[in-house]
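Q: Below: one structure in structure tokens.
The values are calculated or read from the model by the stated rules, or taken from the named source; none is laboratory data. In this text, all values refer to a predicted model and were calculated from it rather than measured experimentally. Here the Cβ positions follow ideal geometry from the backbone for every residue, glycine too, while neighbour counts run over all protein chains shown.
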Amino acid sequence: MLIIDTHVHVGEDRILNIAQSEDELIRAMDANQIDVAIVQPFPGDPNLPRAHDRIAAMAQKQSGRIWGLASLNPHMDPDEYQREMERCIKDLGFVALKCHPVAHVVMPLTAASDLIYTTAHSLGVPVMVHTGMSINAAGPAVVIPYALRYPDLPIVIAHSGFALQAFDAMAVAMAFKNVWLETSWTPVTSLRRMIKTLGSERIMFGTDSILNMPVEITRYCSLDLDEKELRQVFHQTAIDLFKLPLTGA
């Protein structure tokens, strides 16, 4: 069965003091039978445009197996931000943008926050939003104003509230049909409830860490999901939402 990991990183992170190479990621994917990954920079990378180039080179080398997701601190000149994001989507073939409220200190309903969602909407790609580790800045509710403003903009709640706010993430997705859940670090009881409540079409598999890959696969396989539901969360939701030119197997 095709498995797409919608949330992995390469590069370095000076906030978390970690680094991960392309080779390490590919080895972990192979070891865990993960076929495809959507790769983004670490939010604390000291040079995010360079990190984008690094991911693009990896995608070219691993044709069809690696897809990029652009992440950039929005506290900069808006035109410069938009140019880099347009470069990533139009020139490098990336499939979505990232909003990281914690690492990039993006408070909701500010100019920096607006810039991310407006840019994604204009480029016609989804926004993946980090949730968790900050109730004020990174609770699932931060996406609500933008889900209302842009009903045709796909929004992915990364980590589904990071366990503590899993129910909040599910409630937001229940209220807005343009919101999906990526479930890395989600407790199995919450995961079961999300799938039963929202349907597998609104849920996507992600790990966030090569160390977490076997855990997340086991978590899904421990649920009483039928083959259609497993196929949906393991690859079809990602294929449909990110418009990947892949066929599930």
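Q: Do the conditions hold for Met107, that is, is it under 20 Å from Ala158 (Cβ atoms), free of Cβ contacts under 8 Å to residues at least 60 places away in the same chain and surrounded by fewer than 17 Cβ atoms within 10 Å (Cβ to Cβ)?
A: yes
Q: Within the range 125-133, can one find any residue that is assigned to a strand (DSSP E or B) and not hydrophobic (A, V, I, L, M, F, W, C)?
A: Yes - at least one qualifying residue is present in the range 125-133.
Q: Test of understanding: among Ala169, Ala163, Ala173, which residue is modelled with pLDDT under 95, farther than 20 Å from Leu2 by Cα and outside any strand (DSSP E or B)?
A: Result: Ala163 is the single residue among Ala169, Ala163, Ala173 that is modelled with pLDDT under 95, farther than 20 Å from Leu2 by Cα and outside any strand (DSSP E or B).
Q: Another question, if that's okay. Taking the range 35-47 as the search range and keeping residues that are buried (at least 21 other Cβ atoms within 10 Å of the Cβ) and without any contact (Cβ under 8 Å) to a residue 40 or more places away in the chain, which one is farthest from Val10 (Cα to Cα)?
A: Ala37
Q: Still on this structure: Looking at Leu153, Leu181, can you tell me which residue is assigned to a loop (DSSP other than H, G, I, E, B) and touching a residue at least 24 places away in the same chain (Cβ under 8 Å)?
A: Testing whether each residue is assigned to a loop (DSSP other than H, G, I, E, B) and touching a residue at least 24 places away in the same chain (Cβ under 8 Å) leaves just Leu153.
Q: Just one of the numbered conditions (1) part of a loop (DSSP other than H, G, I, E, B); (2) on the phi < 0 side of the Ramachandran plot; (3) polar (S, T, N, Q) is not true of Gln40; which one?
A: Of the numbered conditions (1) part of a loop (DSSP other than H, G, I, E, B); (2) on the phi < 0 side of the Ramachandran plot; (3) polar (S, T, N, Q), the odd one out for Gln40 is (1).
Q: Tell me, which residue of the range 113-122 that is more than 12 Å from Pro154 (Cα to Cα) and aliphatic (A, V, I, L, M) is surrounded by the fewest Cβ atoms within 10 Å (Cβ to Cβ)?
A: The selected residue is Leu115.
Q: Scanning for something modelled with pLDDT under 95 and surrounded by fewer than 18 Cβ atoms within 10 Å (Cβ to Cβ), does the range 71-78 turn up at least one residue?
A: Checking the range 71-78: not a single residue is modelled with pLDDT under 95 and surrounded by fewer than 18 Cβ atoms within 10 Å (Cβ to Cβ).
Q: Turning to a different aspect of this structure: Can you tell me which residues in the range 188-216 are touching a residue at least 60 places away in the same chain (Cβ under 8 Å), assigned to a helix (DSSP H, G or I) and touching a helix residue (DSSP H, G or I) at 6+ places or on another chain (Cβ under 7 Å)?
A: Ile210, Met213
Q: Select from the range 48-70 the residues that are in contact with a helix residue (DSSP H, G or I) (Cβ under 6 Å, 6 or more places away or on another chain) and either surrounded by fewer than 14 Cβ atoms within 10 Å (Cβ to Cβ) or over 20 Å from Arg27 (Cα atoms) (or both) and list them in ascending order.
A: Answer for the range 48-70, where residues must be in contact with a helix residue (DSSP H, G or I) (Cβ under 6 Å, 6 or more places away or on another chain) and either surrounded by fewer than 14 Cβ atoms within 10 Å (Cβ to Cβ) or over 20 Å from Arg27 (Cα atoms) (or both): Pro49, His52, Ala70.
Q: Testing Ile34 on (1) under 21 Å from Arg83 (Cβ atoms); (2) of a type outside the set (Gly, Ala, Ser); (3) assigned to a loop (DSSP other than H, G, I, E, B), one condition comes back false. Which one is that?
A: In the conditions (1) under 21 Å from Arg83 (Cβ atoms); (2) of a type outside the set (Gly, Ala, Ser); (3) assigned to a loop (DSSP other than H, G, I, E, B), Ile34 misses (1) alone.
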